[in-house]
Amino acid sequence: MTSQTISATASGTWRLGDRTVNRIGFGTMRLPQHGEALTPDAVPRDREQAIDVLRRAIELGVNHIDTAAFYFSPRRSANELINRALAPYPDDLVIATKVGPSRDPDGNWLPHATPGQLRGQVEENLRQLGRDHLDVVNLRIVGAGSIAERFGALADLRDAGLIRHLGLSNVRRHHLAEAQGIAPVVCVQNMYGIGATPEQEEFLRVCGEQRVAFVPFYSIAGHGRTAGASTGDNDEVHAIARARGVSTAQVRLAWTLHRGPHVLAIPGTGDVDHLVQNVAAGSLCLSEDELTVLDTLHHETA
């Protein structure tokens, strides 16, 4: 497939509430900086390079972008880069953001927001993105405790028209049930990829049964998390990548998308070439034999 014919539409679509998105999207965590993300000493990325990546993503058919107000480095903010690159926004573009965590101006992490502080975080995202409402707001969680008060506060903002749809991030299965008793949940964002825990595997299945989108993060980086993917990939992944003439990252993304039609990928990068490869992974159809090899690896490394 040539770069001219690569399109996120090849990955298929899913409905987030009343919005339809292509299953290959784009995550902006790595956009503001080089190297490890979300650290106080992150090195800012060239502004025009970041803007080029965002605009190229749209040209390639990406219409689901994941962001957060706490995605920033010195002199660069993911939300403001999105605003600068894409406003006025395409009608079909869905921007999903996260609230709960925050960082001070120096980049240090602050305690998670209380229910009363969430409105300020929502308004911060609105201001940075230059919008009068947010398409999707995910409540990001730490720990296993109740989310009723915080999710209820977001549900109130949804009723007020500041938020269109609600989701959850970094949660457990009981959190989804608790939230659904308060307001509809359109997506769950959790760490998932080859080697994910049986708990996450079961959660992915439950989301599919309930028509809730499952949006993996770190599906390429895995345990490398904010530092990015390691070079020490498994032999099985390398063998399939070599046979197909693609990267190991593309194999991992394709496998992730094969886990169900409700799975949406949001790989992030600050490099246009990597962006094109990630989008192309949406059209990579793995064979039954390849899937069997990767499924076996998945269960062995879980």
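The values are calculated or read from the model by the stated rules, or taken from the named source; none is laboratory data. Just so we're clear, the structure is a prediction, and the values are computed from it rather than from any experiment. Neighbour counts are summed over all protein chains in view; Cβ atoms, including those assigned to glycine, are modelled from backbone coordinates with ideal geometry.
Please state which of the following conditions Val94 fails to meet, knowing it meets all the rest: (1) farther than 30 Å from Arg23 by Cβ; (2) aliphatic (A, V, I, L, M); (3) in contact with a His (Cβ under 7 Å, 6 or more places away or on another chain).
Of (1) farther than 30 Å from Arg23 by Cβ; (2) aliphatic (A, V, I, L, M); (3) in contact with a His (Cβ under 7 Å, 6 or more places away or on another chain), only one is false for Val94: (1).
Rundown of residues vs (1) under 11 Å from Gly270 (Cα atoms); (2) touching a strand residue (DSSP E or B) at 6+ places or on another chain (Cβ under 6 Å); (3) modelled with pLDDT of 95 or more; (4) surrounded by 15 or more Cβ atoms within 10 Å (Cβ to Cβ), yes/no style:
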| residue | (1), (2), (3), (4) |
| --- | --- |
| Ser7 | no, no, yes, yes |
| Ser11 | no, yes, yes, yes |
| Arg15 | no, no, yes, no |
| Thr20 | no, yes, yes, no |
| Ile24 | no, yes, yes, yes |
| Pro32 | yes, yes, yes, yes |
| Glu36 | no, no, no, yes |
| Val43 | no, yes, no, no |
| Ile51 | yes, no, yes, yes |
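In segment 233-270, what residues are on the phi > 0 side of the Ramachandran plot and either aliphatic (A, V, I, L, M) or touching a residue at least 12 places away in the same chain (Cβ under 8 Å) (or both)? Spell out how you get there, then give the answer.
From segment 233-270, those on the phi > 0 side of the Ramachandran plot are 245, 260; that's our starting set.
Residue satisfying the conditions is Gly260 alone.
Please specify each residue of segment 96-115 satisfying the condition of being free of Cβ contacts under 8 Å to residues at least 40 places away in the same chain and touching a helix residue (DSSP H, G or I) at 6+ places or on another chain (Cβ under 7 Å).
Scanning segment 96-115 gives Ser102, Ala113, Pro115.
Going by the structure shown, is Ala96 closer than 20 Å to Ala50 by Cα and out of contact with any Phe, Trp or Tyr (no Cβ under 6 Å at 6 or more places or on another chain)? Walk me through it before giving the result.
Values: closer than 20 Å to Ala50 by Cα: yes; out of contact with any Phe, Trp or Tyr (no Cβ under 6 Å at 6 or more places or on another chain): yes.
Spelling it out, Ala96 is indeed closer than 20 Å to Ala50 by Cα and out of contact with any Phe, Trp or Tyr (no Cβ under 6 Å at 6 or more places or on another chain).
Hey, can you tell me all the residues within segment 116-133 that are surrounded by fewer than 20 Cβ atoms within 10 Å (Cβ to Cβ), within 20 Å of Val186 (Cβ to Cβ) and in contact (Cβ under 8 Å) with a residue 40 or more places away in the chain?
If the condition is that a residue be surrounded by fewer than 20 Cβ atoms within 10 Å (Cβ to Cβ), within 20 Å of Val186 (Cβ to Cβ) and in contact (Cβ under 8 Å) with a residue 40 or more places away in the chain, then Arg131 is the only one that fits.
Looking at Asp18, Asp66, which is the one that is under 26 Å from Trp109 (Cβ atoms), acidic (Asp, Glu) and out of contact with any helix residue (DSSP H, G or I) (no Cβ under 9 Å at 6 or more places or on another chain)? Steps first, answer last, please.
Working: Asp18 fails: under 26 Å from Trp109 (Cβ atoms).
None of the others qualify; the one that does is Asp66.
For segment 204-218, which residues satisfy the criterion of being under 14 Å from Asp66 (Cα atoms) and either out of contact with any His (no Cβ under 7 Å at 6 or more places or on another chain) or not aromatic (Phe, Trp, Tyr) (or both)?
Taking segment 204-218 as the starting set, the residues that turn out to be under 14 Å from Asp66 (Cα atoms) are 213-218.
Scanning segment 204-218 gives Ala213, Val215, Pro216, Phe217, Tyr218.
Out of Val246, Val251, Val293, which single residue is in a loop (DSSP other than H, G, I, E, B) and not polar (S, T, N, Q)? Lay out the reasoning, then the answer.
Numbers: Val251 fails: in a loop (DSSP other than H, G, I, E, B); Val293 fails: in a loop (DSSP other than H, G, I, E, B).
Result: Val246 is the single residue among Val246, Val251, Val293 that is in a loop (DSSP other than H, G, I, E, B) and not polar (S, T, N, Q).
Can you find a residue in segment 67-82 that is among the β-branched types (Val, Ile, Thr), crowded, with 21+ Cβ neighbours inside 10 Å, at pLDDT 95 or above and under 18 Å from Leu275 (Cα atoms)? Reasoning before the result, please.
Taking segment 67-82 first, the residues among the β-branched types (Val, Ile, Thr) are 67, 82.
Those still in the list that are crowded, with 21+ Cβ neighbours inside 10 Å too: 67, 82.
Next cut, at pLDDT 95 or above only: 67, 82.
Subsequent filtering for residues that are under 18 Å from Leu275 (Cα atoms) retains 67, 82.
For segment 67-82, residues among the β-branched types (Val, Ile, Thr), crowded, with 21+ Cβ neighbours inside 10 Å, at pLDDT 95 or above and under 18 Å from Leu275 (Cα atoms): present.
What are the residues in segment 235-272 that are of a type in the set (S, T, N, Q) and surrounded by fewer than 16 Cβ atoms within 10 Å (Cβ to Cβ), if any?
Residues of segment 235-272 that are of a type in the set (S, T, N, Q), as a first pass: 247-248, 250, 256, 269.
Answer for segment 235-272, where residues must be of a type in the set (S, T, N, Q) and surrounded by fewer than 16 Cβ atoms within 10 Å (Cβ to Cβ): there is none.
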